[in-house]
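What follows is a single structure, written as structure tokens, with notes after it.
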Amino acid sequence: MRSFLALSRSTHGVLDIAMPGFAALLWLGHFPHWLVLLVALLTALAGYTALYALNDIIGVKVDREKFAGAGPNAGYSVEASDLRYPIAQGKLSLGKGIVWFIAWYLIALVGAWWLNPLLIWVVLAAPILETVYCLLFKVSWWRVLVSGVVKSLGPVAAVLAVVPRPDTALLGLMVAWLIAWEIGGQNIPADWNDVEEDRRVGARTVPLVFGPKIAGTVVLIALLATLALGWFLPLMSPLALGMRFQLGMLAIGVILLLVPGIQLFRSHEGRRAARLFDRASLYPLALLALVTGFVLIG
């Protein structure tokens, strides 16, 4: 079972589920019916479990190339298990990995249909975009934008589960905020942490194509955009969140995103990229705790 959980990067996946939870509570303004909440949690868990597994299944050839050298970097704390890439390491067969992906993906499809039939389109788009993202690894750094779109699908699905007809402009604002967070706090720092391994296999990531100075600048701009766009998120909520909520979001963003982002921008060190990735991975959980407190008070 440990190999299957490593395939789906369970620690990171659980942290990621907090972002759809934050989005749903923000848009709805209160906790949904317990049955909706239960199905939504199961659907989100299934979706993230399947998608992370698919990432390793599609990228198994490249991962094996990495292990043919010195092996991949030990990684950041949320993905530092010695079982990372279990299929590439030969600790899990490709066939079992595919069965694992299919099982969880089917659960996500059924849950999405029960919550809102429109969600089926989101669940169908996710593996397609994830496959495109993986296939662009040695082709183009533009994959970073695909990653941002993929990361936004979970929260978008969460909103559609509780608000069947959300305002499209506000939904677009939320997607832009999520893309900025993913690019600045997750994707580029992750690629930066793996830059030596990626160089060996001919990857086309932002840190490799543009170098540390430009990559650090892009990270900082993306994180500043995350904080700026996040200031307008209360517009999506029926709750009167007020200045306290906005200042709370800003403080969380500064501590978990901007401070480690500035440190990376100044130092260009791989360990700073790993630290930023770790801190940014906690961002959804901190936001979920914040909005939950306001929902309970409200």
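Where a number appears in this text, it was derived from the coordinates with a stated rule and is not lab data. All figures in this text were calculated on a predicted structure; none of them were measured in a lab. Cβ: placed from backbone, ideal geometry, glycine included. Neighbour counts: every protein chain shown.
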Round to the nearest 0.05 the FRET efficiency obtained for VAL254 and THR292 when R0 = 22 Å and r is the Cβ-Cβ distance. 0.60
The answer for PHE31, listing residues at least 5 apart or on another chain whose modeled amide H is closer than 5 Å to its amide H, is none
Mind checking the full-extension length gain between ALA103 and THR168? Use 0.36 nm per residue of separation minus the Cα-Cα distance, one decimal, nm. 20.2 nm
Helix-only estimate, please: 222 nm mean residue ellipticity of the chain, summing -39500 (n - 2.57) across DSSP H runs of length 4 or more and dividing by its residues, to the nearest 500. -24000 deg cm²/dmol
Computed ³J(HN,Hα) along segment 283-290: with the Karplus parameters 6.51/-1.76/1.60, θ = phi - 60°, integer Hz and x for glycine or proline, the list is 4, x, 5, 5, 5, 4, 4, 5
Can you give me the C-alpha center-to-center distance between segment 122-184 and segment 28-56, rounded to a whole angstrom? 16
If you take the alpha carbon radius of gyration of the chain and divide it by 2.2 N^0.38 Å, what ratio comes out, to two decimals? 0.97
Quick check on packing: order 125-133, 30-38, 241-249, 53-61 by the mean number of other C-beta atoms within 10 Å, highest mean leading. 53-61, 125-133, 241-249, 30-38
Calculate, in nm to one decimal, what SER93 and VAL139 gain on full extension: separation in residues at 0.36 nm each, minus their alpha carbon distance. 13.9 nm
In nm, to one decimal, how far is the LYS213 label point from the LEU129 one, both placed 7 Å along Cα→Cβ? 3.4
Would you work out the relative contact order for the chain, in percent, from Cα pairs under 8 angstrom that are 6 or more residues apart? 26
For LYS138, other-chain or 5+-apart residues with amide H closer than 5 Å (H placed, Pro excluded) are ARG204
Pop out the ³J(HN,Hα) list for segment 105-122 in order, Karplus 6.51 cos²θ - 1.76 cosθ + 1.60 with θ = phi - 60°, rounded to Hz; leave Gly and Pro as x. 5, 5, 4, 4, 5, 5, x, 5, 4, 5, 6, 5, x, 4, 5, 4, 5, 5
Fewest-first ordering of TRP192, TRP121, TRP177 by Cβ atoms within 10 Å yields TRP121, TRP177, TRP192
